[in-house]
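The values are calculated or read from the model by the stated rules, or taken from the named source; none is laboratory data. Note that the coordinates shown come from a computational prediction; the quantities given were computed from them, not determined experimentally. Cβ: placed from backbone, ideal geometry, glycine included. Neighbour counts: every protein chain shown. Calculation scope for accessible area: heavy atoms of the full protein, side chains included, ligands and nucleic acids excluded. Shrake-Rupley method; radii C 1.70, N 1.55, O 1.52, S 1.80 Å.
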Amino acid sequence: MRVMWDAAADGWHSHHRLIRSWLAPATSLMLDAAKVGPGMQVLDVAAGAGDQTLDIAHRVGPSGHVLATDLSPRCIALARSTLQDAGVTNCSFLVADGAKLDVALQFDAVICRLGLMFYPRPLEGLQRMKAALKPGGRCAVLVFSDAASNPCIVSAIGTASKLAKGPPFDPDRIGGLLSLGGSGVLSRLFAEAGFRDVTTAKIAAPMRLPSAQHYVQFLKDAAGPVKGLIERLDAASQLEAWTEMESAMAQFQTPDGWAGPNELLLAIGRRV
């Protein structure tokens with residue numbers, strides 16, 4: 001997993017404007033749910049290249065602090081650069097496996113945006129997040145919902161898996177993009193981890209681009225799980241895979257551009 005995201009980190013960062021626009025409404029709802037505000041100490045788990053870390057830092061202000069952690073050293077390097085370039089000084093950074101996270105400070109809130117679904121043992125990850133919280137602190141997590149609500153992901157990974165001659169795409173496979181999207185799965189994990197007042201909500205998050213070709217370019221550059229499968233293929237098979245994906249994605253072209261459906265789940269829990 002570290003190798004995969006180290007390889008995808010620069011591509012993810014290069015598309016930061018697209019990603020920021022795509023995820024901004026869901027990110028705002030996530031931070032609202034965790035009641036992130038001035039003066040708070042916040043832990044950002046699976047911070048990636050630091051997009052949501054920047055939003056957290058602005059919310060907590062100079063009297064607050066953010067600790068951004070990620071499994072990928074390259075992601076953390078990019079996150080540090082992003083925050084420094086923005087003139088933000090109330091953040092620190094740590095390369096760390098979220099499932100084994102052991103931080104000395106206790107936090108007012110813990111945030112994890114599109115990271116928990118990749119954990120081989122997501123319950124352990126949530127338990128570590130809960131352990132990092134002060135009593136009364138909140139944990140807010142965003143993941144992709146089910147396969148029916150995320151057809152672009154299903155099509156892309158299904159095509160890559162088929163051409164890589166791997167097993168058929170299983171959306172419920174532990175550690176996969178859609179692994180926590182099944183009915184009740186995420187809320188049960190929160191309850192098992194010991195959180196109280198657990199709620200979940202679905203959030204529509206369509207990705208809007210000029211064309212299907214632009215989306216496939218995003219996948220080539222930034223989608224670690226897809227890139228990892230495609231890069232196992234020879235050059236001719238890689239071209240076939242990307243061409244097939246673009247053809248499949250054309251169904252989401254509209255008169256106003258390309259609009260790929262995505263749906264996220266937001267889960268919130270409180271430590272007593």
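Suppose we filter Ala160, Ala205 for residues that are open to solvent by less than 50 Å² (accessible area, probe 1.4 Å), touching a helix residue (DSSP H, G or I) at 6+ places or on another chain (Cβ under 7 Å), farther than 27 Å from Val272 by Cβ and modelled with pLDDT under 90; which single one remains? Give the steps one after another, and end with the answer.
On the way: Ala205 fails: modelled with pLDDT under 90.
Only one candidate passes the filter, namely Ala160.
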Does the stretch 2-22 include one or more residues that are over 14 Å from the mean Cα position of the chain (by Cα) and in a strand (DSSP E or B)? no
From the list Leu123, Leu142, Leu178, Leu163, which one is closer than 16 Å to Ala46 by Cα and touching a Ser or Thr at 6+ places or on another chain (Cβ under 8 Å)? Leu142
Out of Glu240, Glu192, report the one residue that is open to solvent by 50 Å² or more (accessible area, probe 1.4 Å) and either among the aromatic types (Phe, Trp, Tyr) or modelled with pLDDT under 95 (or both). Glu240
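Is it fair to say Trp5 is among the aromatic types (Phe, Trp, Tyr), in contact with a Cys (Cβ under 7 Å, 6 or more places away or on another chain) and surrounded by 22 or more Cβ atoms within 10 Å (Cβ to Cβ)?
Details: among the aromatic types (Phe, Trp, Tyr): yes; in contact with a Cys (Cβ under 7 Å, 6 or more places away or on another chain): yes; surrounded by 22 or more Cβ atoms within 10 Å (Cβ to Cβ): yes.
The answer is yes for Trp5.
Using the structure shown, decide if Asp197 is outside any helix (DSSP H, G or I), surrounded by fewer than 21 Cβ atoms within 10 Å (Cβ to Cβ) and of a type in the set (Asp, Glu). Walk me through it before giving the result.
Details: outside any helix (DSSP H, G or I): yes; surrounded by fewer than 21 Cβ atoms within 10 Å (Cβ to Cβ): yes; of a type in the set (Asp, Glu): yes.
For Asp197, the condition - outside any helix (DSSP H, G or I), surrounded by fewer than 21 Cβ atoms within 10 Å (Cβ to Cβ) and of a type in the set (Asp, Glu) - is met.
Could you tell me which of the residues Thr53, Thr27 is within 26 Å of Asn150 (Cα to Cα), under 16 Å from the mean Cα position of the chain (by Cα), open to solvent by less than 10 Å² (accessible area, probe 1.4 Å) and without any contact (Cβ under 8 Å) to a residue 60 or more places away in the chain?
On the way: Thr27 fails: without any contact (Cβ under 8 Å) to a residue 60 or more places away in the chain.
Answer to the check: Thr53.
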With (1) under 30 Å from Leu31 (Cα atoms); (2) modelled with pLDDT under 90 as the list, and Val272 as the residue in question, which single condition is left unmet? (2)
Picking from Asp10, Asp44, Asp32, the residue that is in contact (Cβ under 8 Å) with a residue 40 or more places away in the chain, open to solvent by 10 Å² or more (accessible area, probe 1.4 Å) and of a type in the set (Asp, Glu) would be Asp10
Regarding the stretch 217-228, can at least one residue be identified that is free of Cβ contacts under 8 Å to residues at least 24 places away in the same chain and either surrounded by fewer than 13 Cβ atoms within 10 Å (Cβ to Cβ) or assigned to a loop (DSSP other than H, G, I, E, B) (or both)? no
The stretch 129-160: number of residues that are in contact (Cβ under 8 Å) with a residue 40 or more places away in the chain and closer than 25 Å to Ala99 by Cβ: 20
Does Arg17 fit the bill of being open to solvent by 50 Å² or more (accessible area, probe 1.4 Å), in contact with a Leu (Cβ under 6 Å, 6 or more places away or on another chain) and within 22 Å of Pro225 (Cα to Cα)? no
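Give me a count of the residues in the stretch 112-125 that are open to solvent by less than 10 Å² (accessible area, probe 1.4 Å) and out of contact with any strand residue (DSSP E or B) (no Cβ under 7 Å at 6 or more places or on another chain).
Narrowing the stretch 112-125 to residues open to solvent by less than 10 Å² (accessible area, probe 1.4 Å): 112, 115-117, 125.
From what's left, out of contact with any strand residue (DSSP E or B) (no Cβ under 7 Å at 6 or more places or on another chain): 125.
The qualifying residues number 1.
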Give me a count of the residues in the stretch 131-157 that are over 28 Å from Ala212 (Cα atoms), of a type outside the set (Val, Ile, Thr) and surrounded by 19 or more Cβ atoms within 10 Å (Cβ to Cβ). 6
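Being at pLDDT below 95 and under 30 Å from Asp197 (Cβ atoms) narrows it down to one of Gly48, Gly37, so name that one. First the steps, then the outcome.
On the way: Gly37 fails: at pLDDT below 95.
Matching residue, one of Gly48, Gly37: Gly48.
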